[in-house]
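Reviewing the structure listed below.
The values are calculated or read from the model by the stated rules, or taken from the named source; none is laboratory data. It should be emphasised that the depicted structure is a prediction, and the values quoted were computed from it without experimental measurement. Don't worry about glycine lacking a Cβ; one is built from the backbone with ideal geometry, like all the others, and counts go over all protein chains shown.
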Amino acid sequence: MRFRERLQRFMAGRYGMDGLGQFLMWTAVVCLLLSWFVAGPVFNTMALLLLLWGYFRMFSRNVQKRYQENCTYYRYVNKVKDFFKKQKSYIQQSKTHHIYKCPQCKQKIRIPRGKGKVAITCRRCGTEFIKNSR
Ligand SMILES: [Zn+2]
């Protein structure tokens, strides 16, 4: 039997590679690289554990469970992406706008720059406060 066929037979019914699997492998590689520069067994051990975890998932027959793990992984990835998107838009807005917080309910309120003294009414709780929007 050719190697490919043997591999296919071996992988039949097993989970294989997915997004989380690739993440584990790449993180393992990064840990391995770091272990060359950082003294101590920390990164070496981490690389080994990540590789073992990655292979365990690849060869696992519990496809349903692995699939759910991958979904959880993507949920976290999206959260991180959203966080950076928000930071980026916050920085962009801060060039043209001041962002104030309502002293009562902490609602964020956007005011264009260069307005001078402005009375702001909170949209959420109706509290009025005065800010100097230079
Ligand atoms: Zn408020």
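What number of residues in segment 39-92 are exposed (fewer than 12 other Cβ atoms within 10 Å of the Cβ), polar (S, T, N, Q) and under 17 Å from Leu24 (Cβ atoms)?
Going through segment 39-92 one residue at a time, the tally reaches 2.
Could you tell me which residue of segment 99-115 is farthest from the ligand (Cβ to nearest atom), considering only residues that are on the phi < 0 side of the Ramachandran plot, basic (Lys, Arg) and in a loop (DSSP other than H, G, I, E, B)?
The residue in question is Arg113.
Looking at (1) without any contact (Cβ under 8 Å) to a residue 40 or more places away in the chain; (2) out of contact with any Pro (no Cβ under 6 Å at 6 or more places or on another chain), can you tell me which one Tyr73 breaks?
(1)
So, in segment 116-132, how many residues would count as being more than 10 Å from the ligand (Cβ to nearest atom) and under 31 Å from the mean Cα position of the chain (by Cα)?
Count: 0.
Taking only pairs six or more apart or across chains, which ones have beta-carbon atoms under 7 Å, a first residue in segment 108-134 that is over 24 Å from Lys86 (Cβ atoms), and a second residue that is assigned to a loop (DSSP other than H, G, I, E, B) and of a type in the set (D, E, K, R)?
Gly114/Arg134; Arg134/Arg113
All but one of (1) at pLDDT 95 or above; (2) of a type outside the set (Asp, Glu); (3) not in a loop (DSSP other than H, G, I, E, B) hold for Arg61; which doesn't?
Looking at each condition in turn, Arg61 falls short on (3).
Answer yes or no as to whether Asn44 is of a type outside the set (Ser, Thr, Tyr) and touching a Gly at 6+ places or on another chain (Cβ under 8 Å).
no
Can you say whether Asp18 is at pLDDT 95 or above, out of contact with any Ser or Thr (no Cβ under 9 Å at 6 or more places or on another chain) and within 30 Å of Thr127 (Cα to Cα), as far as the supplied structure shows?
no
With respect to Ile91, determine if the residue is assigned to a helix (DSSP H, G or I) and at pLDDT below 95.
Spelling it out, Ile91 is indeed assigned to a helix (DSSP H, G or I) and at pLDDT below 95.
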